[in-house]
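Contents: one structure, followed by commentary.
The values are calculated or read from the model by the stated rules, or taken from the named source; none is laboratory data. Since this is a predicted model, take the numbers as computed values, not measurements. No Cβ is skipped: glycine too gets one built from the backbone with ideal geometry, and neighbour counts run over all protein chains shown.
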Amino acid sequence: MSAVPPAAGPRESAAPPCPALYDTRIRHVRSGGGDGGPSYRLGHRTYMWLVDLAELPRLPRPLRPLARFDARDHFGGGATVRAGLDAFLAARGATLPAGSRVLMLAHARVFGYVFNPLSVYWCQGPDGRLLHVVAEVHNTYGGRHVYLLGPEAAHATARTAKEFYVSPFFGVDGEYRMRLPVPGERLALSVRLSGTPDGAGLTAAVSGERRRAGVAGLLRAALRRPWSTAAVAVGIRFHGIRLWLRGLEVRPRPAHVPQEGVK
């Protein structure tokens, strides 16, 4: 569902300073459906960036392999990430007014590789009011899909139909319930899938604590979680194999029709 949000949300009391790093824990809980499918829990640790799209971090040259933000990794691959977001919003009649600020939570490229299961964008108007929350989802097959949510996603729960094949064990059915508050000292996001034909569900939670994003902070994070983006992609495949070996049925993957402004 890609509806234009009806109204702006409450004014943000304090826009978080950027850039920042979040030492992050990601947890997935799968609940078995009516066909007796297995329940399953997984978790891993990583780190993510919170950045202002108008002022992406510029690292010293020796550290640039540890963090790079490329426009090709988001939306339609425009000249910049912000340009890609603006094109996506404009195609849905949700153009941001001049002077707006956009925060992005995502992985950066590490040694030339990135995989972002979920990137989140908080679009604030010139007066600080939250106008939109945008959730960009990637799957391991190279596809991406973007959900345009209302500002309520940052303060309550936003509901939207699932429109994109992500896990091989779920079809393109059901409904997402997303709660995506703007990160502060702590990060706490949740996405819940329900309403699938077989009754199976999935809850994903992303939690973490804010860290300084200076040279020392980045080196500390990179040493603790070496090549973090590759580790995320490998971990997803590893757990997928475990579920397949436990007999979970693989759902057919339909052809995905790219959205306007997304490729």
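Going through segment 88-103 one residue at a time, which ones are among the hydrophobic types (A, V, I, L, M, F, W, C) and surrounded by fewer than 17 Cβ atoms within 10 Å (Cβ to Cβ)?
The answer is A90, A91, A98.
Among what's in segment 83-136 and is in a helix (DSSP H, G or I) and out of contact with any His (no Cβ under 8 Å at 6 or more places or on another chain), pick the residue that is nearest to V191 (Cα to Cα).
Checked segment 83-136; the qualifying residue nearest to V191 (Cα to Cα) is F88.
Scan segment 54-81 and report the pairs whose first residue is of a type in the set (S, T, N, Q) and whose second residue is in a helix (DSSP H, G or I), with Cβ atoms within less than 8 Å and a gap of 6+ or a chain change.
Listed pairs, sorted by first residue: T80/A71.
Give just the number: which of (1) closer than 17 Å to V262 by Cβ; (2) modelled with pLDDT of 95 or more; (3) surrounded by fewer than 19 Cβ atoms within 10 Å (Cβ to Cβ) does N139 not satisfy?
Evaluating N139 over (1) closer than 17 Å to V262 by Cβ; (2) modelled with pLDDT of 95 or more; (3) surrounded by fewer than 19 Cβ atoms within 10 Å (Cβ to Cβ) leaves (2) as the failure.
I'm trying to understand the selection: among the residues of segment 149-173, which are surrounded by fewer than 18 Cβ atoms within 10 Å (Cβ to Cβ) and free of Cβ contacts under 8 Å to residues at least 40 places away in the same chain?
Result: A156, T157, R159, D173.
Among R224, R210, R237, R251, which is the only one that is out of contact with any strand residue (DSSP E or B) (no Cβ under 7 Å at 6 or more places or on another chain), among the charged types (D, E, K, R) and under 15 Å from T24 (Cβ atoms)?
After applying the criteria, what remains is R224.
Among the residues of segment 226-242, are any assigned to a helix (DSSP H, G or I), over 16 Å from the mean Cα position of the chain (by Cα), β-branched (V, I, T) and surrounded by fewer than 16 Cβ atoms within 10 Å (Cβ to Cβ)?
yes
Kindly evaluate T203 against the criterion of being of a type in the set (S, T, Y), within 17 Å of Y121 (Cα to Cα) and touching a residue at least 40 places away in the same chain (Cβ under 8 Å).
In short, no.
Among all residue pairs at least 6 apart or on different chains, which show Cβ distances below 8 Å where the first residue, located in segment 22-35, is more than 19 Å from S190 (Cα to Cα) and at pLDDT below 90 and the second is buried (at least 18 other Cβ atoms within 10 Å of the Cβ) and hydroxyl-bearing (S, T, Y)?
G33/T196
Going by what's in this entry, would P252 be described as surrounded by 15 or more Cβ atoms within 10 Å (Cβ to Cβ), touching a Gly at 6+ places or on another chain (Cβ under 9 Å) and either in a strand (DSSP E or B) or at pLDDT below 90 (or both)?
For P252, the condition - surrounded by 15 or more Cβ atoms within 10 Å (Cβ to Cβ), touching a Gly at 6+ places or on another chain (Cβ under 9 Å) and either in a strand (DSSP E or B) or at pLDDT below 90 (or both) - is not met.
For segment 39-54, indicate whether the set of residues that are among the aliphatic types (A, V, I, L, M), in contact with a helix residue (DSSP H, G or I) (Cβ under 7 Å, 6 or more places away or on another chain) and modelled with pLDDT under 90 is non-empty.
Yes - at least one qualifying residue is present in segment 39-54.
Being farther than 23 Å from Y22 by Cβ and touching a strand residue (DSSP E or B) at 6+ places or on another chain (Cβ under 7 Å) narrows it down to one of R129, R72, so name that one.
That would be R129, the only listed residue that is farther than 23 Å from Y22 by Cβ and touching a strand residue (DSSP E or B) at 6+ places or on another chain (Cβ under 7 Å).
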